[in-house]
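> Starting off with a structure, shown below.
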Amino acid sequence: MCSNAIAFSGARVLVTGAAGMLGVDMTDQFRCRGAEVIALSRMELDITKLDAVRGVMRKYRPVLVINCAAYTNVDGAEDDFQRALLVNGLGPRNLALACREVDAVLVQVSTDYIFDGSKSVPYGVFDPPSPVNAYGRSKWWGEQAVAAAGGRFYIARTSWLFGRGGGNFVETMLRLGREKGAIRVVDDQRGCPTYTVDLARAVADLSATGCYGVYHVTNSGPATWYDFAAAIFAAAGMKVDLMPCATAAFPRPARRPANSVLDPFPLRETIGYLPPPWEDALKRYLSRLE
């Protein structure tokens, strides 16, 4: 156990972006641990406004802030980089500065897309970032801003999220499977599908340790988008003519890294376990949908 560990029973925890897919499960996770959770949606707190962030921090004086607010439109960021940079870069900076002023700990949720995908093996926490798209650049700017603010922080990089309360790849595949007889899915991008429930649990456990720094937090095991889609249809009992294809067959405004698998070291060594395999997480999520 590292120094300054937090006991959450009765502690005040503030969650930004609380109405989003990750924010909903993060809020539930900390409430289940007995924390007094201040759950603020984007409409209730615009993290791009420093005065507003400072006002909220001084009002509630949380011991921990979980930033789930983010601009997540990867393709949209190519045309509106300024907006992505405001939310994903300036917002975390504002939170980090305000957290330092009230002596709160910040958890900044980041992304696998800070890496360029050129490695053939998983990316470690100290591999040099080199984003290939505007979204990744905005998230990397946010990471640097949090570190430069001088307070106590965790950066939790994650990937390929699915969960309730928001559009995600699982729901898209289920919809397309019902509407179409045949689907093509790219088979040359590899990452780690991650269930927001499992991410929230691991982040809560990590934030209780006092072992500050950068971590990779995903469900265990790599997959391509094609692998992921095949598992979705199999678990849902749907017969779909699924065909693999290359990324080049579906040109998008933003480049995607070919390999964004994240190496979890030293997550297990810090919290005592790794999140379960993504296949197990997928089955639990589908059961929840039913």
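The values are calculated or read from the model by the stated rules, or taken from the named source; none is laboratory data. Keep in mind the model is a prediction, meaning the values are calculated, not measured. FYI the Cβ positions are ideal-geometry reconstructions off the backbone, even for glycines, and counts take in every protein chain you see. Surface areas here come from the heavy atoms of the whole protein model, side chains and all, with no ligands, DNA or RNA. Shrake-Rupley method; radii C 1.70, N 1.55, O 1.52, S 1.80 Å.
> Search the structure for amide H atoms under 5 Å from the amide H of V15, placed 1.01 Å from N in the peptide plane, and list their residues when 5 or more places away or on another chain.
I38, A39, L40, I66
> Quick one: putting +1 on the C-beta of Lys and Arg, -1 on the C-beta of Asp and Glu, what dipole do you get for the chain around its Cα centre, in Debye to the nearest 20?
That gives the chain a dipole magnitude of about 500 debye.
> Can you give the accessible area per residue of segment 174-227, in Å², using a 1.4 Å probe?
In whole numbers, segment 174-227 has 34 Å² accessible per residue.
> Now, a different point. Efficiency by 1/(1 + (r/R0)^6): what FRET value for R61 and A148, r their Cβ-Cβ distance, R0 = 25 Å, to the nearest 0.05?
The formula returns an efficiency of 0.60 here.
> Along the charge dipole of the chain, which of I47, G177, S110 sits closest to the positive end, that is, farthest toward it, with unit charges on the beta carbon of Lys, Arg, Asp and Glu (+1, +1, -1, -1)?
I47
> Taking θ = phi - 60°, what integer Hz values does the Karplus form 6.51 cos²θ - 1.76 cosθ + 1.60 yield along segment 252-258, in sequence order, with x for Gly and Pro?
In residue order, the calculated couplings are 10, x, 9, 5, 10, x, 5 Hz.
> Separate question: Would you list the membrane-span-like helices of the chain, meaning whole DSSP H runs whose alpha-carbon atoms span at least 24 Å along their axis and whose mean Kyte-Doolittle value is at least 1.6?
Span-like helices in the chain: none at all.
> Now for a different question. Pop out the carbon and sulfur fraction of the accessible area of segment 113-184 as a percent, whole number, probe 1.4 Å.
Accessible surface attributable to carbon and sulfur in segment 113-184 totals 54 percent.
> Here's another thing I want to ask about it. Over the chain, what is the relative contact order in percent, taking alpha-carbon pairs closer than 8 angstrom and at least six residues apart?
Relative contact order comes out at 21 percent.
> Using amide H atoms built in the peptide plane, which far-off residues or other-chain residues are under 5 Å from V109 H to H?
Amide H neighbours of V109: N67, A156.
> For K139, K49, K59, what's the largest-to-smallest order of accessible area, 1.4 Å probe?
My answer, sorted largest first, is K59, K49, K139.
> Give the Rg (one decimal place) followed by the Dmax (whole number) of segment 155-290, computed from C-alpha coordinates and expressed in Å.
Spelled out, the Cα radius of gyration and Dmax of segment 155-290 are 15.8, 51 Å.
> Moving on to the next point. With charges set only on the Cβ (+1 for Lys and Arg, -1 for Asp and Glu), what does the dipole of segment 157-290 come to about its Cα centre, in debye to the nearest 20? All intermediate terms of the calculation are to be shown ahead of the outcome.
Values: 16 positive and 13 negative charges, 79 e Å.
My answer is approximately 380 debye.
> Assuming 0.36 nm per residue, please report the length gained on full extension of the stretch E78 to V125 beyond their Cα-Cα distance. Before the final figure, lay out each step's value.
Values: separation 47, 0.36 × 47 = 16.92 nm, distance 2.58 nm.
Once the chain is fully extended between E78 and V125, it gains 14.3 nm.
> Determine the dipole magnitude for segment 26-179: charges of +1 sit on the beta-carbon of Lys and Arg, -1 on that of Asp and Glu, nothing else is charged, the reference point is the Cα centre, and the result goes in debye to the nearest 20. Don't skip to the end; give the middle numbers.
On the way: 19 positive and 17 negative charges, 106 e Å.
Dipole magnitude for segment 26-179 comes out near 500 debye.
> Another one. Any chance you could get the radius of gyration and Dmax over the Cα atoms of segment 137-232, in Å?
16.5, 54
> Show the residues, 5+ positions off or on another chain, whose built amide H is closer than 5 Å to the amide H of I183.
Placed amide hydrogens put D241, L242, M243 under 5 Å from I183.
> So, one more: Just how much of D241 is accessible, in Å², when a 1.4 Å probe is used and the result is rounded to the nearest 10?
Accessible area, nearest 10 Å²: 80 Å².
> May I ask for the net charge around D28, where only other residues with Cβ less than 15 Å from the Cβ of D28 are counted and Lys, Arg are +1 while Asp, Glu are -1?
+2
> Here's something else I'd like to know. Please work out the average accessible area per residue across segment 1-120, using the 1.4 Å probe convention, and give it in Å².
43 Å²
> Please work out how much length the chain gains when fully extended from R288 to R175, using 0.36 nm per residue of separation minus the C-alpha to C-alpha distance, in nm with one decimal.
My answer for the length gained is 39.0 nm.
> How far apart, in nm, are the 7 Å Cα→Cβ label points at A248 and R268?
The answer from the label model is 3.8 nm.
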